[in-house]
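Peer 1: Submitted below is the structure of interest, expressed as structure tokens.
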Amino acid sequence: VAGFRRLAARHLHHLDGIEVVDGSVVRNAWPEDLDVALRDQDVRRVARRGKWLVVHAERASLLAHFGMTGSLVLAGPDAPLDRYHRAVLHGDADLRVRDVRRLAGLWLATDDAGIDEIIGPQGPDAARLTTGRLAAALRGRRGSIKAALMDQRIVAGLGNMLSDEVLWVARLHPGRDIATIVPREVACLHAAVRGVVARSARAGAIPRTPAWLASQRSVAEPTCPRCHGPLERSRIGGRTSLWCPHCQPR
Ligand SMILES: [Zn+2]
């Protein structure tokens, strides 16, 4: 989302209008109302809040959440739409919301309170986390560390893949019970969050280069980029986790 934010900040200084291709992408308004509320105005600021993108225009704000497979892509005005394009933001250039699985959504907010209500309670942002804030966010909680990292109310901004990457860097098993994690491990986890998030944000996406766990995600027999042993997949917190039984023992 940090990459989408940069793209929007660069190309959306003015919103000419929003063309909704797939009406189901708009979650809290009629597609026409979204366009009417946001068309023909300057964009004051483009922000990221956790996994949310917020485009603050003069009279209203547009919120976007990209789900698991959504993205914001730059497109020439004459580039043909494909079946996965859900909406087009017409600005200095055209930015398209593209999503294979239809989990991405757009919301309209007319003021800051409306934005807060749509986003809901969020923990400290992963990109601005401190060891102390992470320790405080985890204190007194139970359950697996993987589920906690993906819970936006505990830490905002981490999804399934980033959480796997973070745990692999910190050498923590995704199923580790939070209650058993000692302060030294929290410090290690914090360093991993900051490092992984900063490098991903700079790249605009989670790198798939060989040094990253993500490079193994769609491989049939994935191996650990660090120890070269076989990786394991299991369902933790409702999502498929990829982890190394050698580097991340229970
Ligand atoms: Zn390993």
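The values are calculated or read from the model by the stated rules, or taken from the named source; none is laboratory data. Not measured: the values here are computed from a predicted model. Don't worry about glycine lacking a Cβ; one is built from the backbone with ideal geometry, like all the others, and counts go over all protein chains shown.
Peer 1: In the range 216-226, what residues are of a type in the set (D, E, K, R) and within 13 Å of the ligand (Cβ to nearest atom)?
Peer 2: Correct list: Arg226 only.
Peer 1: Which one of these does Leu108 not meet: (1) assigned to a strand (DSSP E or B); (2) under 23 Å from Gly204 (Cβ atoms); (3) hydrophobic (A, V, I, L, M, F, W, C)?
Peer 2: So the condition that Leu108 fails would be (2).
Peer 1: Among the residues of the range 233-245, write down those that are within 12 Å of the ligand (Cβ to nearest atom) and either among the basic types (Lys, Arg) or surrounded by 15 or more Cβ atoms within 10 Å (Cβ to Cβ) (or both).
Peer 2: Leu242, Trp243, Cys244
Peer 1: Picking from Arg141, Arg176, Arg133, which residue would you name as being crowded, with 17+ Cβ neighbours inside 10 Å and among the basic types (Lys, Arg)?
Peer 2: Only one candidate qualifies: Arg176.
Peer 1: Would you check if there is a residue in the range 215-236 being hydroxyl-bearing (Ser, Thr, Tyr) and closer than 22 Å to Ala148 by Cα?
Peer 2: Within the range 215-236 (the criterion being hydroxyl-bearing (Ser, Thr, Tyr) and closer than 22 Å to Ala148 by Cα), the answer is yes, since at least one residue qualifies.
Peer 1: Then there is this: Would you check which residues across the range 63-99 are within 16 Å of Gly159 (Cβ to Cβ) and modelled with pLDDT under 95 and list them? Reasoning before the result, please.
Peer 2: Looking only at the range 63-99, we keep the residues that are within 16 Å of Gly159 (Cβ to Cβ), and these are 64-72, 99.
Within the range 63-99, Gly67, Met68, Thr69 meet the criteria.
Peer 1: Collect the residues in the range 84-134 that are over 20 Å from Thr69 (Cβ atoms) and hydroxyl-bearing (Ser, Thr, Tyr), keeping them in residue-number order.
Peer 2: Those that are over 20 Å from Thr69 (Cβ atoms) and hydroxyl-bearing (Ser, Thr, Tyr): Thr110, Thr130, Thr131.
Peer 1: What residue, of Gly229, Gly157, is under 21 Å from Gly50 (Cα atoms) and touching a strand residue (DSSP E or B) at 6+ places or on another chain (Cβ under 9 Å)?
Peer 2: Working: Gly229 fails: under 21 Å from Gly50 (Cα atoms).
Among Gly229, Gly157, only Gly157 is under 21 Å from Gly50 (Cα atoms) and touching a strand residue (DSSP E or B) at 6+ places or on another chain (Cβ under 9 Å).
Peer 1: May I pose another question? Restricting to the range 230-250, count the residues that are among the hydrophobic types (A, V, I, L, M, F, W, C) and not in a strand (DSSP E or B).
Peer 2: Final tally of qualifying residues: 3.
Conditions (1) in a loop (DSSP other than H, G, I, E, B); (2) surrounded by 15 or more Cβ atoms within 10 Å (Cβ to Cβ); (3) more than 16 Å from the ligand (Cβ to nearest atom), marked per residue:
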residue: Leu189; (1), (2), (3): no, yes, yes
residue: Ser200; (1), (2), (3): no, yes, yes
residue: Ile206; (1), (2), (3): yes, yes, yes
residue: Ala211; (1), (2), (3): yes, no, no
residue: Ala214; (1), (2), (3): no, yes, no
residue: His228; (1), (2), (3): yes, no, no
